[in-house]
Amino acid sequence: MIAELGFILLIFAFVLSAIHLFFSTRVCFINFSEDNFFILRKINFSICLLLIASFLFLIISYVLSDFSVLNIYNNSHTNKPLLYKVSGTWGNHEGSLLMWLAFLGGYGFFLTLYTKNNNKKFTAKVFFTSNIVNIGFIGFTIFTSNPFLRISPIPEEGKGLNPVLQDPGLAFHPPLLYLGYVGLTIPFAYSIAALLEGKIDRKWANEIRPWILISWIFLTLGITLGSFWAYYELGWGGWWFWDPVENVSLLPWLLLTALLHSNRVTEKRDNLKSWTILLSIIAFSLTLLGTFIVRSGLLTSVHAFASDPARGIYILSFLFLITGASLILYVIKYDKIESDEKLNLLSKEGGLLLNNVFLCASTVTILLGTLWPLFVEVMTGKDISVGAPYFNLVFLPIIMPAIFVSGVIININWKRNTVENLLKKLNKAIIIFVFLVGVILFLLEGPIIFFIGIILSIWLLISIINDFYEKIRTKKSISDIKLSKAFSIPISTYGMYLAHFGLAVFILGVAISDSKKLYYEGVMKEKEIVKVEKFKIQLKEIVEKKEKNWISQTGNFSVEGFKKNISMFAERRLYLDTGMPSTEAAIYRNFFSHLYIVMGQEQPLNSGKRIVRIYFNPFIILIWSGAFLMAFGGLISICDKKRNR
Amino acid sequence: MIKKEIGSFLKYIKLSPIILFLILSYFLFWKIKNIQNTKELQSVLLNQDLPKLELEYVDSKFTLNSLLGKKPFIINFFASWCAPCREEHTVLEKYSKDLIIIGIAYKDDINNVKKFLSELGDPYDILMLDSNGRAAIDLGLYGVPETYFIDSKGKIKYRQVGPLTVKKLENILKSLKVN
Amino acid sequence: MNFLKIFLTFFICIYITSSYPNQNNINSEKRFIELSSELRCLVCQNQSLLESDSELANDLKEIIYEKINEGQSNNQIKNFLVQRYGEFILFKPLFNMANLLLWITPLISFILIAFIAIRKTNYKEK
């Protein structure tokens, strides 16, 4: 009953979207009337509520373990804890798509709410665009990926008890990520509306700003959580694998970051408008492309949902039409949109433009690398791989100068600067920076990449402090600072400081943990001791345990090398019904570092010896903490009431 | 002068996103159309000579060298511990009279192999043992069962990953006869 | 303009030093780890040989370890594997004409986009 209701709501939403299309076309292009506009708003609210309700009904069906629904039969099980029954809703293709729709509904709801007092003619065009996106996704769900299909006869029990999917990290990673992806719809809609209208101004940039930030924050959190989950769950001690699906989430993130900065220039200096618009369009297209790649079985990846070419063709066609139409519109309206005013290279807007060059170049690079195997296959029929060695080699050199430039941009003024002024403002920072670099080069050793990372991180940190210092000091003397001036700095600036600080922390974490990590792999039997640099690790005993559902062997490791000796327990489970093994790595946190032990299978069988992998990852926590701080900085920025009109 | 030419050319820069997008779309549509064909794991050794296999003969009516370059045959990698190999075995039995089949037991124990064959039948004209799996790696094996089709000139013409069914075998033989 | 020249020099330095090829590690253990992390596990979804516990991966790792101890170079070992499994096994694509576009695009795209961006500024060449 509930499932039927869910499906009916979905159909209603589709029908209403079609009606919306009819009305919005009239309102935007033929004959604007205020009454019709209010009808649009009402239709919006209705569609949004229908989508959210439909999703809730699917969740309820999962919680009730209604196995008469095919989707629930395939992906759930009565023995699953409640949290994972709920999260199982979106742990599959159809359900996650419905979640996408629900988020479209949620965003649409707030968009309609907050644009109540805005320019109606323009807002109508925004609604027109976002509705087209809605139609595409709702149609896709109804016609190719209906989560409410029934199955008969009704099975006793569900099939879905994949242990890997029963994890808190994995429960929250898709919702956060999708909130980021779906949020991009709104800047996209605003950009298309601006193109249709034929003009863009600072007010537009100000209106779009919070939506860009919200999207960015969620996308950052989603990617970070995914990375952290992969780290502790998959047992290889790595936090980023340049897997196609990871790349496909990074691409919109890079462009979203560029969009954030580009829009700032549009807001402040009424410039870079064509950049802002193009970035919105391409960032949105990349989320569609990402959806296509993940769900069509196009690329081999750990992540891929069940592949289905029929679905692939639908999404691809939708992507093709929407992006194609947007880019054509862009070409047509380009001259009307862009301002002729040239920017000073030596200014904040010039710097932000340069920053965008780096971000866009890295996006092109990663996109090409991810799709290259596909290109080669089409052209020559050969299968090749493009993996981590390639991406690290080409991406890092592009992004590193960008970090250096960011530090400078934070300190540079709008409109114009002279080299002398800039150096004057930076000279304390440069002196401290050179001093610290000297100390570090003297005290530490490691590969070049280690130093570059640390130096960039320190530079960014010092730049932030320098800008803050320059803002709060009186011009009288070096040490004369007026703390009360700190209160006149806008909150969004503090948000910016925090976000870039988070970036510095992130880079520091990457530099140290990637360069200084320790790795040991070998076989150990009980009582055996292994020495890894300063650590002495003994496998004291292996304890077997049998539960209703699984058998496990837990290795009890005693570790000497930290301030006090500790015990760590690494488990390897075999689930009886599915025959699938899973490993629970033992992770011990020491300040910001991790000692990480994984116990694998017996090698050789029945010998009592087991494969053991030991990682020591120094300062690795800085990676996710840094990313989290970036998101938090974004959050603070949004809360600046003065910036949002 | 050059600057002016570059200037007028740059007017068309705004077209670059859509041009690149059209190129990308072509590739994506092509791939999605052909996705079924491209899923097969092609062997890199196609149309090359069969690499030298240094394995111990368990049982054979003749040697590999007497066949190579003279008659077509197939090489079937199997194992007694491999479940899908059992199903495939009946197919091989069916064709054992019409085709010359060489069986290579992969990472197996000689006694288990003999038991397997006495239980399910022996379609192999030559039986060899690859106990450490190294010879298999020389052929680019992913796992068992896999079957290689060698033509009368000693070249590898096709590699089947996974168990053979009657239908698959018929199709392969048909397409190979055509060439 | 001095600022730009300084910046470009700095950028090129970083680019060159960070893409500097790894020195040949004398430590065979390190070489083994590096090499097997650059090779694909063919029966897994996108994992490297190092990360994989599958039987084929373990066999290939044994072969790699043997060859390292025999004194073969990284290239020789890679060629051995590519001969049998194709370029698909390499996570780092070859530097050949077929992959020219792949390796050249990062720099070229940067230059092109930078060129478009500079046109938006009043940067003048003296």
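Quick note: the coordinates plus some simple rules give every number you see, no bench work behind them. Every value quoted in this text rests on a predicted model; they were computed, and no experiment measured them. No Cβ is skipped: glycine too gets one built from the backbone with ideal geometry, and neighbour counts run over all protein chains shown.
With contacts taken as Cα pairs under 8 Å and at least 6 residues apart, region A:51-99 reaches a relative contact order of 36 percent. Within the straight-line cut-off of under 17 Å between alpha carbons, the aspartates and glutamates reachable from residue B:155 are B:49, B:138, B:146, sequence neighbours fewer than 8 places apart in one chain being disregarded. Can you find, among A:518, A:345, A:65, the residue farthest towards the positive end of the dipole of chain A? Put +1 on the C-beta of Lys and Arg, -1 on that of Asp and Glu. Of the candidates, A:345 comes out farthest on the positive side. Compared with the rule-of-thumb size 2.2 N^0.38 Å for a compact globular protein, region C:26-119 has a Cα radius of gyration ratio of 1.38.
From least to most packed, judged by other beta carbons within 10 angstrom and beginning with the fewest, A:38, B:77 follow the order A:38, B:77.
Summing charges over neighbours of residue A:223, with a neighbour being any other residue whose Cβ is under 15 Å away from its Cβ, gives -2 when K and R count +1 and D and E count -1. Given +1 at the Cβ of Lys and Arg, -1 at the Cβ of Asp and Glu and no other charges, the dipole of region C:26-119 around its Cα centre is 540 debye to the nearest 20. Here residue B:61 is the anchor, and the aspartates and glutamates within straight C-alpha reach of less than 18 Å, apart from those fewer than 8 places off in the same chain, are B:93, B:98, B:122, B:125. Is chain A best put as rounded, prolate or oblate by its Cα gyration tensor, with a ≥ b ≥ c the root eigenvalues, rounded for a/c under 1.5, and otherwise prolate when a/b is larger than b/c, oblate when not? Oblate, because a/c is 1.5 or more while a/b does not exceed b/c. For the residue pairs A:415/B:14; B:52/B:94; A:333/C:120; A:425/A:475; A:116/A:273; B:52/B:174, the alpha carbons lie more than 20 Å apart in A:415/B:14; B:52/B:94; A:116/A:273; B:52/B:174. The charge dipole of the protein assembly as shown, taken about the Cα centre with unit charges on the Cβ atoms of Lys, Arg (+1) and Asp, Glu (-1), comes to about 3940 debye, rounded to the nearest 20.
A dipole drawn for region B:56-178 from +1 and -1 charges on Cβ atoms has a positive end, and of B:99, B:60, B:84 the residue lying farthest that way is B:99.
Quick check: from the Cα gyration tensor, does region B:56-178 come out rounded (a/c under 1.5), prolate or oblate? Because its axes are fairly even, with a/c under 1.5, region B:56-178 counts as rounded. Positive end of the charge dipole of region C:26-119 (Lys, Arg +1 and Asp, Glu -1 on Cβ, about the Cα centre): tell me which of C:58, C:101, C:27 has its Cα farthest that way. Among C:58, C:101, C:27, the one farthest towards the positive end of the dipole of region C:26-119 is C:101. Modelled spin labels at residue A:428 and residue A:476, positioned 7 Å past Cα toward Cβ, are 1.5 nm from each other.
Excluding same-chain neighbours fewer than eight residues apart, the aspartates and glutamates reachable from residue A:563 by a Cα-Cα span under 19 Å are A:533. Choose one answer from B:12, B:26, B:142: the residue with the largest mean-square fluctuation in a GNM of chain B with alpha-carbon springs under 10 Å. Of the options given, B:12 has the highest mean-square fluctuation.
Each Cα pair under 8 Å and six or more residues apart adds its sequence gap; the mean of these over the residue count of region C:26-105 is a relative contact order of 25 percent. Ordering A:602, A:34, B:87 by the number of other Cβ atoms within 10 Å of each residue's own Cβ, fewest first, gives A:34, B:87, A:602. Around the Cα centre of chain B, unit charges on the Cβ atoms of Lys, Arg, Asp and Glu (plus for the first two, minus for the last two) sum to a dipole of about 1300 debye. Taking other residues whose beta carbon is less than 15 angstrom from the beta carbon of residue A:564, and scoring Lys, Arg as +1 and Asp, Glu as -1, yields +3. Couplings 3J(HN,Hα) for region A:9-21, derived from phi with the Karplus relation 6.51 cos²θ - 1.76 cosθ + 1.60 (θ = phi - 60°), are 4, 4, 5, 4, 4, 5, 4, 4, 4, 5, 4, 4, 4 Hz, where x marks Gly and Pro. Under 5 Å between amide hydrogens, built in the peptide plane, is the criterion, and for residue B:158 it picks out B:149 among residues at least 5 positions away or on other chains.
The chymotrypsin sites (Phe, Trp or Tyr not before Pro) found in region A:552-637 that occupy coil by DSSP, while having at most 15 further C-beta atoms within 10 Å, are A:562, A:591.
Which links in A:525/A:564; B:71/B:115; A:121/A:203 stretch past 19 Å when you go from one Cα to the other? Long pairs (Cα-Cα over 19 Å): A:525/A:564; B:71/B:115. Our summary gives chain A a relative contact order of 11 percent, counting only alpha carbon pairs under 8 angstrom and 6 or more residues apart. Panel order for A:437, B:44, by other beta carbons found within 10 Å of each beta carbon, from fewest to most: A:437, B:44.
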